[in-house]
């Protein structure tokens with residue numbers, strides 16, 4: 001199998017595994033607040049963007065999965081502190097893949113953020 005064929009198979013797997021229920025995602029973010037929502041929405045928009053390399057999308061999917069998992073290092077039920085580990089995971093991944101974020105992705109995330117959290 002050529003390198004190009006391997007990348008296409010990998011990309012198909014990423015697309016198949018990138019289905020994140022936006023309703024569940026929104027519910028978690030509304031509870032978490034704007035601080036968690038901003039990097040989360042940027043990661044979400046990067047996953048949806050076909051120009052982002054599959055390997056970067058897999059890392060972002062992992063970070064968002066950690067966010068919506070009910071069990072993590074610090075339970076999300078603890079006010080403020082409960083989402084701190086989620087924020088660390090998200091910012092680490094987003095900074096890791098920061099070379100791929102575009103102004104358009106940031107703009108789409110900002111529009112969603114402002115809709116969900118009116119100022």
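Structure above, values below:
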| read-out | value |
| --- | --- |
| Pairs with Cβ under 8 Å, 6+ apart, first in region 100-119 and under 13 Å from residue 38 (Cβ atoms), second part of a loop (DSSP other than H, G, I, E, B) and modelled with pLDDT under 95 | 105/49; 117/33 |
| Selection from region 93-117 of residues that are part of a helix (DSSP H, G or I), modelled with pLDDT under 85 and either touching a strand residue (DSSP E or B) at 6+ places or on another chain (Cβ under 8 Å) or surrounded by 13 or more Cβ atoms within 10 Å (Cβ to Cβ) (or both) | 93, 94, 96 |
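The values are calculated or read from the model by the stated rules, or taken from the named source; none is laboratory data. Keep in mind the model is a prediction, meaning the values are calculated, not measured. Using ideal geometry, Cβ is built from the backbone for each residue, glycine included, and neighbour counts are taken over all protein chains shown.
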